[in-house]
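Please read the structure below before turning to the comments.
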Amino acid sequence: MLLKQLEYFVCVVDNNSFTQAATEQYVSQSAISQQIKALENSLGVELMVREKRSFHLTPAGQYLYRSGKKLLERFHDIKVETTRIGTDARVSLRIGYLNRYSGIAMQQTVIRMAKRYKNLDIRMYSGSHEELYGMLSDRRVDVVFNDQWQILSDDFESHLIDKATTFIEVPQEYTNEDCVELKHIDDLPLILLCRGKYTLSEEEHYRKAIGYNGAFAYARTLEEARYLVAGQQGLLLLDCFKYLTDPMPGIERKVLTNHGKSIERHYYFISQRNQNNSYIVALRDMFQQVLEEL
């Protein structure tokens, strides 16, 4: 089976016409008919039942049309990406990450990616769970990094990275213990990094995912949230792998526990399925390498 034969076949089905397909492909109608017949011969199956001025697909033809169309789209993406890499044109990688993630692994990964791929523009966007899902669905980012908290559709693919430990930032002298038990958080609200329409979905996540039943406060940015913590106006959850960035003055970090056990969250890189951006794979591999070295 030749790729051009598949392209002719898909074009005929798309247009429901041999004549129109021949016009689009700049070949004669007899030539396109011969190529589809050759395609059937090479596969050893009948793909379409021809009638006087119409045709209908056999089950095998229906399958080849659905799968072949995706294959042609994928092949087109590969050609574009190959040309772009070969000509050393600048490309971008847009990364969305969960706004409560505060480990150094992502920082180190971005630094190494920038050094290795000189033609790559890396752009970072933080957001809540629902914001990241919206960015990915609307293709405003190429890949997101978060604890996958909802079941995604078949349009997305997830790659498990590792477990991140959940810490809680508290005001200085909040407790002498090394950890804070989840059920004992009742004197200060938990700070969520979101505003507006995203607050309800984010509250639902914290109640379902970790079993938190207390009050909430809200901040637009991580910096704003930390000022609230330092001012004894709330508590802030952070996730990290092995090492956190340094805390700001007036804040202490404790391990968050539930029934005496530390809380861990699986983190994933999530992207559109069949997205042809080779740098997404490079990002995942680089992140894993950084984790192993930490």
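The values are calculated or read from the model by the stated rules, or taken from the named source; none is laboratory data. Here the structure is a predicted model, which is why all the values come from computation and not from measurement. So basically every Cβ, Gly included, is an ideal-geometry build from the backbone, and we count neighbours across all protein chains shown. For the accessible areas, the whole protein counts, side chains as well, though only heavy atoms, and no ligand, DNA or RNA atoms are used. Shrake-Rupley method; radii C 1.70, N 1.55, O 1.52, S 1.80 Å.
A few notes on this one:
- Rounded accessible area per residue of the stretch 217-275, 1.4 Å, Å²: 51
- With the charge dipole of the stretch 191-251 set up from +1 on Lys and Arg Cβ and -1 on Asp and Glu Cβ about the Cα centre, the Cα lying farthest toward the positive end among the listed residues Gln233, Leu244, Ala209 is that of Ala209.
- Summed over the residues of the stretch 117-192 and divided among them, the accessible surface reaches 52 Å² per residue at a probe radius of 1.4 Å.
- Sites listed here are chymotrypsin sites (Phe, Trp or Tyr not before Pro) in the stretch 192-294 whose DSSP assignment is loop and whose Cβ has at most 16 other Cβ atoms within 10 Å: Tyr243.
- Choice from Gly68, Gly134, Gly103 with maximal GNM fluctuation in the chain (Cα, 10 Å cutoff): Gly68
- Taking 28 Å as the straight-line reach from the Cα of Lys79, the lysines in range (excluding those fewer than 8 positions away in the same chain) are Lys4, Lys37, Lys69, Lys70, Lys115, Lys118.
- Accessible surface of the chain [probe 1.4 Å, protein heavy atoms]: carbon and sulfur percent: 48
- Between Leu190 and Ala215, Phe216, Ala217, Leu235, the built amide H atoms are under 5 Å apart, and every one of these is 5 or more places off in sequence or on another chain.
- The calculated FRET efficiency for the pair Asp77 and Gln107, based on their C-beta separation and a Förster distance of 30 Å, comes to about 0.50.
- Cβ-placed point charges (K, R +1; D, E -1), dipole of the chain about Cα centre in debye, nearest 20: 1180
- FRET E, pair Lys37, Lys70, Förster distance 25 Å, beta-carbon r, rounded to 0.05: 0.60
- DSSP-assigned coil residues among trypsin sites (Lys or Arg not before Pro) in the stretch 45-113, each with at most 11 further Cβ atoms within 10 Å: Lys52, Arg53, Arg90
- Close amide H contacts of Phe156 (hydrogens built in the peptide plane, cut-off under 5 Å, sequence separation of 5 or more or a different chain): Arg273.
- Per residue, the chain reaches -13000 deg cm²/dmol at 222 nm when only DSSP H runs of four or more residues are counted, each adding -39500 (n - 2.57).
- For the chain, the relative contact order is 23 percent, taking Cα pairs closer than 8 Å that sit 6 or more residues apart in sequence and dividing their mean separation by the residue count.
- Dipole in debye (nearest 20) - the stretch 163-294, about Cα centre, beta carbon charges: Lys, Arg +1; Asp, Glu -1: 600
- Structure-derived semi-axes √(5λ) of the Cα gyration tensor in Å: which label, when the choices are [x] 47, 28, 15; [y] 46, 23, 16; [z] 53, 21, 15: [z]
- Alpha-carbon centroids, the stretch 1-64 and the stretch 100-148: separation in whole Å: 43
- Among Met106, Met135, Met124, the largest mean-square fluctuation in a Gaussian network model of the chain, built with springs joining Cα atoms closer than 10 Å, belongs to Met124.
- A Förster radius of 22 Å, combined with the Cβ-Cβ distance separating Gln29 from Ala60, puts the computed FRET efficiency at roughly 0.45.
- Note on the chain: dipole from Cβ charges, positive end direction compared against Val10, Val180, Met135; the farthest Cα belongs to Val10.
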